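Structure first, then comments.
The values are calculated or read from the model by the stated rules, or taken from the named source; none is laboratory data. Source: prediction; values computed, not measured. In this analysis, Cβ positions are derived from the backbone assuming ideal geometry, glycine residues included, and neighbour counts consider all displayed protein chains. Areas reflect the complete protein model, heavy atoms only, side chains present, ligands, DNA and RNA absent. Shrake-Rupley method; radii C 1.70, N 1.55, O 1.52, S 1.80 Å.
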Amino acid sequence: MSLASCAQSPDVPTPLMTFLPILRASAFLPGTPLHAFFAWNETRRATDRRYRVACDIHCLRYGWGDDICVAHLAGQALGLRRSGGQIVANAHAVAGARQFIAGAAGCSAVIAARRVLEALQSAIGSAEIERHAAVFRAFEELEKHVELDAISRLRSQPKAGSPPSRKHRILIVKLGALGDFVQALGPVPQIRRHHADDHLTLLTTRRYAEIAHRTGLFDAVLVDRRPRMFDLPGWLALRRTLRGGNFDRVYDFQTSDRSNIYFWLLRPGRRAQWSGTAWRCSHPHANLGRDRQHTMDRQAEQLLMAGIYPVLLMPRLPSVGVLPTVLAGRRFVLLIPGSSPRRPAKRWPAQRFGELARQLARAGYVPVVVGVSSEQAIGRAIGAACPEAVDLVGRTDLAGLAALAQAAALTIGNDTGASHVAAAAGNPVVVLFSRASSPDLCAPRGAAVRVLIEPDLSMLSVASVLAAGLSGLAPAETSAATR
């Protein structure tokens, strides 16, 4: 329990030895962002500065009213201090806060401070995500005027202004795998709008650099060669790249041990704000259950806690590739029969894909088989079962795969990265899941995605998959396919 003491004054009530309520996760409804944020902070020694400020102003408001909270948030020197877990104020602090507020009603810092206080009170007990997002947005606005780290230590420190013409430099980190990279493109348009006047850079691997350029979402794309543990020259080169970018804020969508190391490569020196999971970063995704969230829900909440809301919960690929001439003007269905060779349980048997291809060809569609070079044997097996199939396994890059998915009437595939590309293209997609992975955590998101779940994919019939695929087609397509 926190205590507060106040020197006696005829004009100011004296809450001497009053037990003040502590703001806890229980004040917010389970499942809401602030409940997760507070629960995360309550388990840690190094807490988020916004959490400390929220707890402080909750106590101050209870003991002395709104004026002292607003004045404190606006950077006014009030002489507040901690003593053995207590917040200690006195009559002079309360009177000084009232005097400051009376003379600074139109001050931008005061307006921002009031928004923080009002947003926090509005979110308590509310299930509306917008109210929770408003708290984090209010903190972002406040931090333009004061040094929030100093406020969290009960110190007064207005923010030194930066030249108004200076563009901020923003970095997004996303290295792979393919499905994760595609899903990370979902919120980028919202980040782009949030930082409309800033310079936006992506750090990714060579495989995704070209399609990232073609999206037009980034001002620059940096290639991470992912140095191995003892590759000292590689790590030094990466450090020079990161520090040379002079980034003001980083959105880490990789949130891995590797990308957390990148946070420390920026030290010592000027510290960029960092949204992610790195220890002591400025904008942590503070949710103890983040590993049980779907990738896109996790990204959305991470950005909400950094002041960006709402964001899209499904990715959308722009037109970035060219359709092969062999398919021009033809109705075709894209088949994705491969997946990670380390997880064979995620693969529907190749002979079933072959039978599916035959039935699609009889329905008037050209089956088009895609995959990586190591899956060419699967492509040949499907081609042997269905000579009408077009085998493009190992012959398409990422942009070419996107072009195929955007032109296909339908895509049917296993739980693999290429299925995420197809889902982001916006056309109907059927994705096959076994017990080897959970669609709740990683199913492709798109405008017309259907998930079929069979614990053992060898038990999934061709008829079931074909029916699921045809049901997702436009009525005119379905009519033509069933004649």
Item to complete: Residue by residue through the range 383-442, note down the ones that are part of a strand (DSSP E or B) and open to solvent by less than 30 Å² (accessible area, probe 1.4 Å).
Response: 390, 410, 411, 412, 413, 414, 429, 430, 431, 432, 433
Discussion item. Where the second residue is assigned to a loop (DSSP other than H, G, I, E, B) and of a type in the set (A, V, I, L, M, F, W, C) and the first is in contact (Cβ under 8 Å) with a residue 40 or more places away in the chain and more than 19 Å from residue 144 (Cβ to Cβ) and lies in the range 99-111, which pairs have Cβ atoms under 8 Å and are six or more apart or on separate chains?
Written reply: none
Worksheet item: In the range 86-112, how many residues are modelled with pLDDT under 80 and small (Gly, Ala, Ser)?
Response: 1
Fill in: the range 278-303, residues that are open to solvent by less than 10 Å² (accessible area, probe 1.4 Å), under 18 Å from residue 38 (Cα atoms) and within 10 Å of the chain's Cα centre (by Cα)
285, 302, 303
Practice prompt. Identify the single condition in (1) in contact with a Ser or Thr (Cβ under 6 Å, 6 or more places away or on another chain); (2) not in a loop (DSSP other than H, G, I, E, B) that residue 243 does not satisfy, given that it satisfies every other one.
Written response: (1)
Item to complete: Residue by residue through the range 76-99, note down the ones that are of a type outside the set (A, V, I, L, M, F, W, C) and either part of a helix (DSSP H, G or I) or surrounded by 22 or more Cβ atoms within 10 Å (Cβ to Cβ) (or both).
Response: 76, 92, 96, 98, 99
Fill in: Residue satisfying condition, being closer than 17 Å to residue 278 by Cα and more than 20 Å from the chain's Cα centre (by Cα), within set 239, 249
239
Item to complete: Go through (1) touching a Leu at 6+ places or on another chain (Cβ under 9 Å); (2) loosely packed, with under 15 Cβ neighbours inside 10 Å one by one and return the number of the condition residue 239 breaks.
Response: (2)
Worksheet item: residue 70 is checked against (1) open to solvent by 20 Å² or more (accessible area, probe 1.4 Å); (2) touching a residue at least 40 places away in the same chain (Cβ under 8 Å); (3) closer than 17 Å to residue 154 by Cβ and fails just one. What number does that condition carry?
Response: (1)
Response to the item:
Just one listed residue, out of 242, 288, 217, is of a type in the set (A, V, I, L, M) and over 28 Å from residue 47 (Cβ atoms), and it is 217
Item to complete: Among the residues of the range 407-428, write down those that are more than 17 Å from residue 181 (Cβ to Cβ) and either at pLDDT below 95 or not small (Gly, Ala, Ser) (or both).
Response: 410, 411, 412, 414, 426, 427, 428
Discussion item. What's the total number of residues in the range 262-277 that are open to solvent by 30 Å² or more (accessible area, probe 1.4 Å) and closer than 20 Å to residue 44 by Cβ?
Written reply: 4
Worksheet item: Does any residue of the range 108-116 turn out to be surrounded by 20 or more Cβ atoms within 10 Å (Cβ to Cβ) and among the basic types (Lys, Arg)?
Response: no
Worksheet item: What pairs can you find where one residue is in the range 256-270 and touching a residue at least 12 places away in the same chain (Cβ under 8 Å) and at negative phi, the other is in a helix (DSSP H, G or I) and open to solvent by 50 Å² or more (accessible area, probe 1.4 Å), and their Cβ atoms are less than 9 Å apart, with a gap of 6+ or different chains?
Response: 262/239; 265/239; 265/243; 266/239; 266/243; 270/243
Discussion item. Every residue in the range 338-368 that is among the charged types (D, E, K, R) and either crowded, with 18+ Cβ neighbours inside 10 Å or in a helix (DSSP H, G or I) (or both), please.
Written reply: 346, 347, 352, 355, 358, 362
